[in-house]
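The values are calculated or read from the model by the stated rules, or taken from the named source; none is laboratory data. Treat the numbers as computed from the prediction; the structure is a model and nothing was measured. Please note: Cβ atoms are built from the backbone with ideal geometry, for glycine as well, and neighbour counts cover all protein chains shown.
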Amino acid sequence: MHTTILTLDPQDRRPLNPIWSFGANTCHAPLWFRSDLQQHLRRSQRELGFRYVRCHGILNDDMDVVRSDGSFHFERVIAAIEALRACGLKPFIELSSMPGAFAAGETHLTSYKFRSDPPKDWTRWYALIRAMVEALAAHFGREELRTWYFEVWNEPDINFWTGTQADYFRLYDLAARAIKEVDAGFRVGGPATSKTAWVEPFLAHILKPSADDPRSGPRCDFVSTHAYPSDLAYLDADRGAVTLLNSNIMLELFTEVRRQVDAALGAGFPVICGEWNSSAGPLVENHDESNNAAFVAKTMTELSDVCQGSLYWNLSDIYEESGFHFEPFHGGYGLLTVNDVPKAPFHAFAFLREHDGGARIGCQMDGAPTGVGALATVEGGVTRVLLYHYVEPDGPKPRPVRVCVEGLPGGMVSARGVSPGGGSAFETWVELGRPPYVNREILDRLTKASQPRRARAVADGKTWVLHPGSILQIVAGGSS
């Protein structure tokens, strides 16, 4: 068995940027009223430390914001956000889709009919956004809204938008103007594109005066964009072939976004990874597997150096974009199944959350195989090390690895891991014959299999076996 040496340097300290605690996505706005999704929202805030939640379609026809007579109504929007706030979370408001009463066409996609056409009267779009933000400010208070995010549209570079890039920029300008006219302290951004597209032209656009808003200066408070390591941008169906790409593409894409944003707006300007997962799907098993915990750990460790926020797609399998699915595991994007069973990536976020408040320390790994890496932090006298072994789709056949950790402090040492049957219940469900529904006995088996296992060091007490598709959290120091 291959052995790699991980050397910690507690003297090499720098601030930790815990983007993993920023938040996640849910499907579309009406689901915020569901009690089962609210349970998942509360759990994500309590156990994962999530702060923000984004969803599609807050302007969808089923949210009743624009009626057939053209009048605006925001009672349902306010009630949905109230439900979210009751779960301890704040909204990352995606301004979409186009209300049917003034959409320029009848184009729509997804099971809940996301309308993707531009407005037939652009002044009505501006009036709608201004009226909604005024209503939200009156209800929740301006100070509260200054802690929210307003994002214009979703993935306008693909079929969520039938207009041109220039049309999107006009949509953005009008929305940004409407929001800032209510309160200059409210945050607005975009372009919310897929595969980190359009970032450079978007930056060029917001740095020059627009026809609708001649004020000088950047008309943007954050840059948001999306990426998945797969070849599929979007498929409006519940099944589709997906070719997984090497996970390094995530860091490559966002490093380039970081470079573009730094050049245009200065170092540190907020970049939000607004959607991501191990594939764009839809409904493929890599979302459910133990290996997805390793993907989350790797991606968050790497992107914390370049992004200021992360919104995982998706928080829950209570999800309707491609129709509702009831199977215990069906390849859904969620961190929690429809039966409330936490998946492997849920525990990856929980392990990452335990690092919040610490300082990141030097972490040199020599001779590590492909996909093996670590995050190390120190807080007080406690050192935490998160090891991951992600199985790359284009890598060599993986084998277990011995990781010898040098530099751990004295005191108590404990470790917990996520692997098939111990933190990842998907593989147990497969062993049970993939039952489409669960009884109490099956649910108890899956719940037990979803719990991370305690791990033991081998040999010298500072070496652990790290299996392919697994993660391991080591805690050393302190008295318990």
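Annotations
- Subset of segment 269-296 that is of a type in the set (A, V, I, L, M, F, W, C) and part of a helix (DSSP H, G or I) - its residue that is nearest to Pro18 (Cα to Cα): Val296
- Among residues of segment 195-227, those that are polar (S, T, N, Q), at pLDDT below 95 and either crowded, with 17+ Cβ neighbours inside 10 Å or in contact with a helix residue (DSSP H, G or I) (Cβ under 8 Å, 6 or more places away or on another chain) (or both), counted: 1
- Condition met for Arg440 (among the charged types (D, E, K, R), at pLDDT 95 or above and surrounded by 14 or more Cβ atoms within 10 Å (Cβ to Cβ)): no
- Test: residue in segment 398-417 that is closer than 27 Å to Asp305 by Cα and within 25 Å of the chain's Cα centre (by Cα): yes
Residue-by-condition table, conditions (1) crowded, with 16+ Cβ neighbours inside 10 Å; (2) without any contact (Cβ under 8 Å) to a residue 12 or more places away in the chain; (3) within 20 Å of Val188 (Cβ to Cβ):
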residue: Ser35; (1), (2), (3): no, yes, no
residue: Leu41; (1), (2), (3): yes, no, no
residue: His73; (1), (2), (3): no, yes, no
residue: Glu82; (1), (2), (3): no, yes, no
residue: Thr110; (1), (2), (3): yes, no, no
residue: Pro119; (1), (2), (3): yes, no, yes
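- Some residue of segment 165-180 being closer than 21 Å to Asn60 by Cβ and either surrounded by fewer than 18 Cβ atoms within 10 Å (Cβ to Cβ) or touching a Ser or Thr at 6+ places or on another chain (Cβ under 6 Å) (or both): yes
- Residue satisfying condition, being modelled with pLDDT of 95 or more, over 19 Å from Phe150 (Cβ atoms) and among the basic types (Lys, Arg), within set Arg67, Arg54, Arg46: Arg46
- First in segment 1-18 and touching a residue at least 24 places away in the same chain (Cβ under 8 Å), second anywhere and in a strand (DSSP E or B) and of a type in the set (Asp, Glu), Cβ under 7 Å, 6 or more apart: Thr4/Asp366; Ile5/Asp366; Ile5/Glu406; Leu6/Glu406; Thr7/Glu406; Leu8/Glu406
- Selection of first residues in segment 127-152 that are under 11 Å from Phe186 (Cβ atoms) and of second residues that are assigned to a helix (DSSP H, G or I) and of a type in the set (Ser, Thr, Tyr), restricted to Cβ pairs under 8 Å at least 6 apart or on distinct chains, gives an empty result.
- Restricting segment 371-405 to residues that are closer than 17 Å to Met300 by Cα and modelled with pLDDT under 95, the residue that is surrounded by the most Cβ atoms within 10 Å (Cβ to Cβ): Gly371
- A single entry from Arg67, Arg130, Arg115 fulfils the requirement of being in contact with a His (Cβ under 7 Å, 6 or more places away or on another chain) and buried (at least 17 other Cβ atoms within 10 Å of the Cβ): Arg115.
- Taken over segment 363-405, the residue count meeting the criterion of being closer than 20 Å to Ala476 by Cβ and of a type in the set (Ser, Thr, Tyr) is 3.
- Selected residue (criterion: nearest to the chain's Cα centre (by Cα)) from residues of segment 332-353 that are surrounded by 18 or more Cβ atoms within 10 Å (Cβ to Cβ) and over 20 Å from Thr447 (Cβ atoms): Tyr333
- Only residues that are in contact (Cβ under 8 Å) with a residue 40 or more places away in the chain, within 22 Å of Gly100 (Cα to Cα), out of contact with any Ser or Thr (no Cβ under 9 Å at 6 or more places or on another chain) and among the acidic types (Asp, Glu) were counted in segment 43-71, giving 1.
- Condition check for Thr299: more than 20 Å from Trp20 (Cβ to Cβ), of a type in the set (Val, Ile, Thr) and either surrounded by fewer than 20 Cβ atoms within 10 Å (Cβ to Cβ) or assigned by TED's automatic domain parsing to the domain that holds Arg43 (or both): no
- Test result for Glu427, surrounded by fewer than 17 Cβ atoms within 10 Å (Cβ to Cβ) and among the acidic types (Asp, Glu): no
Quick grid of which residues meet (1) under 14 Å from Thr196 (Cβ atoms); (2) surrounded by fewer than 17 Cβ atoms within 10 Å (Cβ to Cβ); (3) modelled with pLDDT under 95:
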position	(1), (2), (3)
Ala237	no, yes, yes
Val242	no, no, yes
Phe254	yes, no, no
Arg259	yes, yes, no
Trp276	yes, no, no
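- Filter result for Glu106 (surrounded by fewer than 16 Cβ atoms within 10 Å (Cβ to Cβ) and either farther than 30 Å from Phe50 by Cα or over 28 Å from the mean Cα position of the chain (by Cα) (or both)): yes
- Among the residues listed as Val418, Val430, Val438, the single one being of a type in the set (A, V, I, L, M) and more than 24 Å from Leu466 (Cβ to Cβ): Val438
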